[in-house]
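Report on the following structure.
The values are calculated or read from the model by the stated rules, or taken from the named source; none is laboratory data. Since we're looking at a predicted model, the values are computed, not measured. FYI the Cβ positions are ideal-geometry reconstructions off the backbone, even for glycines, and counts take in every protein chain you see.
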Amino acid sequence: MTHQPDLALDGPGHGTLSIAAILAETATRRPEAPALYFMGQAITYGALWDQTRAYAGALTARGIGPGSRVAIVIPNVPDFPRVYYAALALGAVVVPVHLLLKADEIRFVLEDADVDLAVVAAPFLGEAAPAAALAGVPLLTVLAPEGFTIDGEPVARMEAEAAQATPIERYTALHPLAAATILYTSGTTGTPKGAVGSHLAAVEQVHTWLLDTVEYRPDDVLYGGLPFFHTFGQTVVLNAGFRRGAAIILLPKFDPDEALALLVQHKATVFAGVPTNYAAMIAAAGRNPDRPPLRYGISGGAALPTALLEAFEAEFGAQVHEGYGLTETSPVASFNLVSEPIRPGTVGKSIWGVDVAVADADIDDRIELLPESELGEIVVRGHNLMKGYLGRPDATDAAVVDGWFRTGDLGTVDREGVIKIVDRKKDMIIRNGYNVYPTEVEAVLSRHPAVSLAVVFGVPHDEHGQEIHAVIVPAEGAAADPAELVEYVKAKIAAYKYPRVVHVVEALPLGPSGKILKRELQRIYSD
């Protein structure tokens, strides 16, 4: 039987949603509760929402509204949530920018995302200001003193404009699937892509996290050192913490001794970090006998060695729960639930409403699921998936097949649903929890006049998870200096991307077809 189309059945409906409600409604319920601890000061939820409404008024005066795109180049200071929720409250799409990017990299993001306004913290104007100028994007600063100039030209200050603006009364409600964020990732290729996240994916991720995955309490104090420009810190700490009404300790730049002192001072109960953060905190504990009352830790971004998990628990009396996810999955796909015994060496089970399975990694045009415990490519589907890659339908179609997102990671799922990540389908490097894409680094190295061929790869490293190595074949008659090559790349790309070790060789190992055997290089330099 064929039914006639009916808007009540087939239309978009009238339901609305906004990530901004996370702050707005907690401020209504708990206005006097502390939202942030920063530089010895406590900012309450009521005060933070008032400040955010004023910032939104300033953005409105600049023409920002539904569908506008606002880039944020701000560390973990109170201005990040002010700008983040202000833009979202207007129905704008936020584009958080990695703070370690150089001017050319920032310019690419601004142009690719077609950004309407960039809000930049003063310490990052050195790279972001020329990027915005070249991209033709208007600039607003935060944290700049009155009268601040660049090359003699005054710089517009958000604080001053917010003081003169009319604060918004309430946030703009949008369709639940409306775009909320554009987060840049290279996925499993070297070309940066903007993964578009919806309000529904972000809010549902928070609710699933709080209801079934962890246990945050209104009187919890969360460590807020994970960068908010990254989906891990943004979702698991900022949005989830505010939704529960917990307090967040802000730390703009990770320093383990400062972090430990702040955790002790504010009596932190939950610590979230990448494995390198855990290693550094264990080292800091050897220099400071004081301990915070942690209930548990949360780890993601890279595999957490079991020895590190055990050492942190022994030092801090708090068990670490590890999970797995990607920018494209908002980010959490699986987790060692706080309500269950942890399974070291695994990333736990899929979270509520999300399917994690294993598919045949050699089949590209369809998803063929494999039996339990068989090794294959990890695939994910559920409410947490991105809308797609901005302006790249072909990349979206390649990544999302038959409704499943192909992660590019190899792993297994056992009979109990426990997931283990075994290897990476591609050659992406993860250093300190950040993705590094060899092709991007190779492109920079190859422009050096002393370099004929360059190959970049990761090798296991106890502190960083993986370390970045490069092997180069020098150009004819050229003398290649490894230290000089490291400095050359360091000056051109973000600090987390450049190779720390450069090897100079006469020839590279090649396969029968002439393809460079990167795995062989990894084997040689991992020994």
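A few comments on the model shown:
- Listing of strands (runs of 3 or more DSSP E) fully contained in region 1-120 that carry 2 or more residues being over 30 Å from Lys267 (Cα atoms) and assigned by TED's automatic domain parsing to the domain that holds Gly136: 69-73, 93-96
- Residue in region 489-500 that is surrounded by 18 or more Cβ atoms within 10 Å (Cβ to Cβ), part of a strand (DSSP E or B) and at pLDDT 90 or above present: no
- Checking each residue in region 360-409 for being surrounded by fewer than 22 Cβ atoms within 10 Å (Cβ to Cβ), closer than 22 Å to Ala179 by Cβ, in contact with a Phe, Trp or Tyr (Cβ under 9 Å, 6 or more places away or on another chain) and β-branched (Val, Ile, Thr) picks out only Thr396.
- Against the list (1) farther than 25 Å from Glu340 by Cβ; (2) out of contact with any Ser or Thr (no Cβ under 8 Å at 6 or more places or on another chain); (3) of a type in the set (D, E, K, R), the condition Glu377 fails is (2).
- When we screen Val221, Val237 for residues that are in contact (Cβ under 8 Å) with a residue 24 or more places away in the chain, crowded, with 23+ Cβ neighbours inside 10 Å and touching a Lys or Arg at 6+ places or on another chain (Cβ under 8 Å), the only hit is Val221.
- Once region 20-52 is narrowed to residues that are over 18 Å from Leu222 (Cβ atoms) and among the hydrophobic types (A, V, I, L, M, F, W, C), the residue that is surrounded by the fewest Cβ atoms within 10 Å (Cβ to Cβ) is Ala47.
- Qualifying residue in region 514-522 (condition: touching a Phe, Trp or Tyr at 6+ places or on another chain (Cβ under 7 Å), among the charged types (D, E, K, R) and buried (at least 16 other Cβ atoms within 10 Å of the Cβ)): yes
- The residues in region 124-138 that are part of a loop (DSSP other than H, G, I, E, B) and in contact (Cβ under 8 Å) with a residue 24 or more places away in the chain can be counted, and the count is 2.
- Tyr55 crowded, with 17+ Cβ neighbours inside 10 Å and in contact with a Leu (Cβ under 8 Å, 6 or more places away or on another chain): no
- Condition broken by Thr412, with the remaining ones in (1) part of a strand (DSSP E or B); (2) modelled with pLDDT of 95 or more; (3) crowded, with 20+ Cβ neighbours inside 10 Å; (4) not basic (Lys, Arg) satisfied: (3)
- Restricting region 424-479 to residues that are among the polar types (S, T, N, Q) and not in a strand (DSSP E or B), the residue that is surrounded by the fewest Cβ atoms within 10 Å (Cβ to Cβ): Ser446
- Val221 of a type outside the set (S, T, N, Q) and in contact with a Ser or Thr (Cβ under 6 Å, 6 or more places away or on another chain): yes
- Counting only residues that are modelled with pLDDT of 95 or more and surrounded by fewer than 20 Cβ atoms within 10 Å (Cβ to Cβ), region 179-201 holds 0 of them.
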